[in-house]
Amino acid sequence: MPRFDGRILCIGGGHVGGPTMSVIAARCPQYEVTVVDVSADRIRAWQTDDLPIYEPGLLDVVRQARGRNLFFSTDIPAAIDRAEVIFVSVNTPTKTFGEGAGKAPDLQYWEKTARTIVEASRGNKIVVEKSTLPVRTAHAMERILNSNRKGIRFEVLSNPEFLSEGTAVRDLEHPDRVLIGSHETATGLAAREVLVEIYANWVPRERIVTSNVWSAELSKLASNAFLAQRISSINSISALCEKTTADVTEVSRAIGLDSRIGKRFLEASVGFGGSCFKKDILNLVYICESYGLDDVARYWESVVSVNEYQKGRFVHTMVHAMFDTVADKRIALLGFAFKKDTADTRESAALLVARKLIEERAVVVVSDPKALGNARAELADAPAGRVVFEADPYAAARGAHALAVLTEWDAYRSLDYRAMFESMEKPAFLFDGRNILDHQALHAIGFNVFAIGKPALKHF
Ligand code: NAD
Ligand code: UGA
């Protein structure tokens with residue numbers, strides 16, 4: 001492979017492709033970075049200051065590079081032909097049809113992209129798997145790419161992304177590690193070196209880790225599975241805390257102080273959400289099953305089933321506490337995004353809570369500082385009159401029987417809960433699905449307070 005000419009392309013300008021390429025372009029003015037997407041709306045939005053995704057700090061990064069060495073386009077074939085390094089960051093949702101439905105990833109977008117790359121290319125290229133893919137996907141991709149009759153050689157690398165939404169810019173600028181998987185062949189190692197050089201512009205060399213392709217692919221799935229497993233572990237303990245009057249925050253602190261365990265990702269909650277944890281674990285489960293590793297599959301599957309249990313348990317607590325009926329009661333949901341600092345509502349626990357409450361014939365008032373647009377789309381099929389959208393949390397609380405905190409937005413920590421209490425029906429309930437509020441103070445105001453993994457504070 002000749003010297004890298006600095007022309008980088010990313011196919012898929014979503015939550016990963018957009019921020020990742022923006023940071024590369026901002027940090028490496030010597031490169032020309034282009035992002036393409038099949039969605040013309042998304043590309044248009046990237047060209048304005050009303051970006052298609054909300055990420056703190058992202059607009060500043062985009063503005064540094066846009067028009068200088070960062071470009072957004074819908075002309076996919078032209079951009080492919082021009083680039084030497086092509087990141088592929090298209091979505092890989094769970095398959096909804098055919099073999100593996102409900103577990104296996106739907107690789108149609110990936111395969112279509114590979115075929116488009118073959119058609120549009122006139123020279124050798126490095127194709128980088130940025131999307132999260134099942135282990136050994138690179139094998140299939142190489143076959144599709146390298147069965148071309150043009151004599152073009154494609155080298156496939158695995159470079160999974162570990163950013164979290166809400167902290168994407170920080171995670172990309174200061175990653176714990178960058179993982180690059182390649183073949184141990186001469187061309188594989190040369191391609192790997194190109195990618196190492198790109199990241200080395202701002203990532204310390206010791207944080208750029210290399211491995212074989214299959215280890216890199218599997219490390220991404222395993223990493224998400226381990227993170228989610230910690231949440232399900234502490235959430236399972238939260239259920240036991242509620243039965244025994246232990247306090248999950250105290251238990252979590254005590255566990256996390258063991259340096260072998262560490263304190264992060266031990267916050268009990270209404271359940272994890274987001275587009276990836278469930279999808280990636282089910283993908284891992286499917287792979288294990290396909291290799292006949294049923295016990296391993298069941299182990300990881302339980303991480304997802306405990307999460308479903310936790311979400312269901314939260315709604316059950318709400319309905320049961322409110323005298324076993326919420327029919328026609330107004331219930332304000334504070335937060336709909338799957339975590340703070342994002343507008344993303346994919347797989348948010350709030351979705352299940354809202355749907356279950358609607359089934360119970362409650363009137364659900366959805367409030368969120370950033371995610372109301374996505375919440376509206378997610379709940380578009382709700383029966384008329386059962387869902388109200390209200391950006392202002394005080395207006396959402398007015399006349400409500402209960403508040404339920406479902407996203408840990410910082411703003412929710414300092415609301416005037418006394419004023420909200422005054423405007424609510426009595427008895428007033430507060431369900432803290434994130435354990436972010438001062439429960440004793442809320443109880444003193446007059447709320448009946450139910451938190452995760454803590455004794456309920458009631459007035460009756
Ligand atoms: P996304 O849905 O936000 O973005 C994917 C984009 O790809 C969309 O804009 C879509 O229009 C585009 N696309 C689909 N098919 C295309 C095609 N054939 N040509 C051009 N564009 C196409 O998804 P995302 O959240 O960015 O996730 C992408 C991948 O990265 C997934 O595999 C995901 O598991 C992984 N990942 C996501 C995160 C995250 O925080 N969201 C973090 C790490 C890894
Ligand atoms: C997660 C991983 O953290 C990233 O490393 C990974 O790149 C990404 O998935 C991916 O592959 O998509 P993300 O889903 O954006 O990132 O956000 P997280 O911070 O991991 O939170 C996931 C969910 O777990 C959220 O609903 C969050 O509220 C919940 N959570 C997190 C808890 O309930 N308790 C915790 O202690 C931590």
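Of the helices (runs of 4 or more DSSP H) contained entirely in the range 203-303, those carrying at least 3 residues that are within 16 Å of ligand 1 (Cβ to nearest atom) and among the polar types (S, T, N, Q) fall at 213-244. Can you tell me which residue within the range 381-395, out of those that are closer than 19 Å to ARG361 by Cβ and of a type in the set (A, V, I, L, M, F, W, C), is surrounded by the most Cβ atoms within 10 Å (Cβ to Cβ)? Out of the qualifying residues, it is VAL387.
Selection within the range 239-298: residues that are touching a Pro at 6+ places or on another chain (Cβ under 7 Å) and within 12 Å of ligand 2 (Cβ to nearest atom). The member of this set that is farthest from MET318 (Cα to Cα) is ASN283. For the range 278-298, what are the residues that are open to solvent by 30 Å² or more (accessible area, probe 1.4 Å), under 19 Å from SER236 (Cβ atoms) and under 22 Å from the mean Cα position of the chain (by Cα)? Within the range 278-298, just LYS278 meets the criteria.
The residues of the range 119-139 that are among the basic types (Lys, Arg) and on the phi < 0 side of the Ramachandran plot, listed by number, are ARG122, LYS125, LYS130. Residues that are more than 15 Å from ligand 1 (Cβ to nearest atom) and open to solvent by 40 Å² or more (accessible area, probe 1.4 Å) were ranked within the range 150-182; the one that is nearest to GLY17 (Cα to Cα) is GLU173. For the range 118-139, a tally of residues being in contact (Cβ under 8 Å) with a residue 60 or more places away in the chain and either surrounded by 19 or more Cβ atoms within 10 Å (Cβ to Cβ) or among the aromatic types (Phe, Trp, Tyr) (or both) returns 11.
Checking each residue in the range 66-102 for being under 20 Å from GLU129 (Cβ atoms) and not hydrophobic (A, V, I, L, M, F, W, C) picks out GLU84, SER89, ASN91, THR92, PRO93, THR94, LYS95, GLY100. Does at least one position in the range 32-53 carry a residue that is charged (D, E, K, R), within 16 Å of ligand 2 (Cβ to nearest atom) and modelled with pLDDT of 95 or more? Scanning the range 32-53, I find no residue that is charged (D, E, K, R), within 16 Å of ligand 2 (Cβ to nearest atom) and modelled with pLDDT of 95 or more, so the answer is no. Scan the range 309-353 for residues that are without any contact (Cβ under 8 Å) to a residue 40 or more places away in the chain, touching an Asp or Glu at 6+ places or on another chain (Cβ under 8 Å) and of a type outside the set (S, T, N, Q) and jot them down. Listed by number, the list holds a single entry, ALA327.
Somewhere in the range 211-224, is a residue more than 18 Å from ASN283 (Cα to Cα) and either of a type outside the set (Phe, Trp, Tyr) or open to solvent by less than 60 Å² (accessible area, probe 1.4 Å) (or both)? Checking the range 211-224: at least one residue is more than 18 Å from ASN283 (Cα to Cα) and either of a type outside the set (Phe, Trp, Tyr) or open to solvent by less than 60 Å² (accessible area, probe 1.4 Å) (or both).
Checking the stated criteria, ALA354 turns out not to satisfy the condition of being more than 30 Å from GLU425 (Cβ to Cβ) and open to solvent by less than 10 Å² (accessible area, probe 1.4 Å). Here is the figure for the range 183-208: residues that are open to solvent by less than 70 Å² (accessible area, probe 1.4 Å), over 19 Å from ILE86 (Cα atoms) and not β-branched (Val, Ile, Thr) total 2.
Annotation note: of VAL88, VAL16, VAL62, VAL38, the sole residue that is over 30 Å from GLU289 (Cβ atoms) and buried (at least 18 other Cβ atoms within 10 Å of the Cβ) is VAL62. Residues in the range 262-276 that are within 15 Å of VAL248 (Cβ to Cβ) and open to solvent by 30 Å² or more (accessible area, probe 1.4 Å): LYS263, PHE265, GLU267.
Regarding the range 304-312, can at least one residue be identified that is within 16 Å of ligand 1 (Cβ to nearest atom) and part of a loop (DSSP other than H, G, I, E, B)? No. Restricting PRO93, PRO29, PRO56 to those that are in contact (Cβ under 8 Å) with a residue 40 or more places away in the chain, surrounded by fewer than 17 Cβ atoms within 10 Å (Cβ to Cβ) and away from ligand 2 (no atom under 16 Å from the Cβ) reduces the list to PRO29. Just one residue in the set ALA337, ALA362, ALA332 is within 12 Å of ligand 2 (Cβ to nearest atom) and open to solvent by less than 40 Å² (accessible area, probe 1.4 Å); that residue is ALA337. When each of SER367, SER348, SER423 is tested for being polar (S, T, N, Q), more than 16 Å from ligand 2 (Cβ to nearest atom) and closer than 23 Å to LEU51 by Cα, the lone residue that passes is SER367.
The values are calculated or read from the model by the stated rules, or taken from the named source; none is laboratory data. Nothing here was measured: the structure is a model prediction, and the numbers come from that model. Here Cβ is always computed from backbone atoms with ideal geometry, including for glycine, and neighbour counts include all displayed protein chains. Only protein heavy atoms, including side chains, enter the accessible area calculation; ligands, DNA and RNA are left aside. Shrake-Rupley method; radii C 1.70, N 1.55, O 1.52, S 1.80 Å.
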